[in-house]
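I have placed the structure first, in the form of structure tokens, so that the comments after it can refer back to it.
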Amino acid sequence: MAPPPPNISFAKRPCEDARVSAFRIVVLASGSGTNLQAILDRLHGQGLVEVVGVGSDKPGAGALERAARAGVDTAVFPADAYPDRMGRDAAMGDWVESHHPGLVVLAGYMQLLTEPFVARFAGRIVNIHPALLPSFPGLDAIGQALEAGAEETGVTVHFVDEGIDTGPVILQRRVPVPVGRERGVLEAAVHNVEHELYPEAIRMIAEGRVRIDPSDPRKVAIDD
Ligand code: GRF
């Protein structure tokens, strides 16, 4: 059985106080990076949150271009540059750690993280998944929802543990499946919600309002 997540509690930080340094996040992304862009547009450089690094396994990832445009440090960790996944995650972990992040944000990072990487940043890694977990975990969650005949699906932001999309849920929002069940329409609706929900969750963490319940490590408590 996987060990319980640690009792994390982020210190409260008044966001208007310019003397308090920003909450540092590193984003890992494999794809076009529209979630990264939402984080850059809604949070980055406004005092509370600073995106200090964007890492990818894909040299051509759109997310890297978006980061470069925002003046954020980038690095690439392609699988074929390392003997194995452990080696890649060790190098990536060193790079992440060198940025001293309070949080590692997976935004469409399509590689499974090794257990040592997850343990190294235990309780400090979050992911966004395009379904209402525990429904439709893993790949192509939108396709799974359509295939299953679901009338609604949604978006989940959760802490990352050793499983696939199994960590404690921070925020969820429903998205109805459109009447015509067109994939493109549903995808657009899900992405719109993602672009609101991920910055919202990261803001709450940066403000120190998110805690894992010590009496039930599967549960997240959110302070007002
Ligand atoms: C999003 O749908 C996210 O839920 C999933 O990967 C996708 C990434 O999209 N984990 P983008 O690269 O942020 O546009």
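The values are calculated or read from the model by the stated rules, or taken from the named source; none is laboratory data. Just so it is clear, the model here is predicted, and its values are computed rather than measured. Positions of Cβ are backbone-derived with ideal geometry, glycine not excepted, and every protein chain shown enters the neighbour counts.
From the list Val193, Val179, the lone residue that is over 19 Å from Gly31 (Cα atoms), free of Cβ contacts under 8 Å to residues at least 60 places away in the same chain and surrounded by fewer than 20 Cβ atoms within 10 Å (Cβ to Cβ) is Val179. The requirement of being modelled with pLDDT of 95 or more, among the polar types (S, T, N, Q) and within 23 Å of Leu197 (Cβ to Cβ) is fulfilled somewhere in region 115-133, by at least one residue.
Of all the listed residues (Glu182, Glu196, Glu187), the sole one being more than 13 Å from the ligand (Cβ to nearest atom) and not aromatic (Phe, Trp, Tyr) is Glu182.
Restricted to region 37-123, the set of helices (runs of 4 or more DSSP H) holding at least 3 residues that are within 17 Å of the chain's Cα centre (by Cα) and over 23 Å from His191 (Cβ atoms) comprises 85-98, 115-120. Please verify whether Arg66 is closer than 30 Å to Arg174 by Cβ, of a type in the set (D, E, K, R), out of contact with any Cys (no Cβ under 8 Å at 6 or more places or on another chain) and within 12 Å of the ligand (Cβ to nearest atom), treating the condition exactly as stated. Taking the combined requirement at face value, the residue satisfies it. Every residue in region 124-149 that is within 12 Å of the ligand (Cβ to nearest atom), touching a residue at least 60 places away in the same chain (Cβ under 8 Å) and assigned to a loop (DSSP other than H, G, I, E, B), please. Within region 124-149, Pro130 is the sole residue that qualifies. Here's a check for you: in region 107-116, which residue that is crowded, with 21+ Cβ neighbours inside 10 Å and farther than 11 Å from Ile25 by Cβ is farthest from the ligand (Cβ to nearest atom)? If we take residues in region 107-116 being crowded, with 21+ Cβ neighbours inside 10 Å and farther than 11 Å from Ile25 by Cβ, then Leu113 is farthest from the ligand (Cβ to nearest atom).
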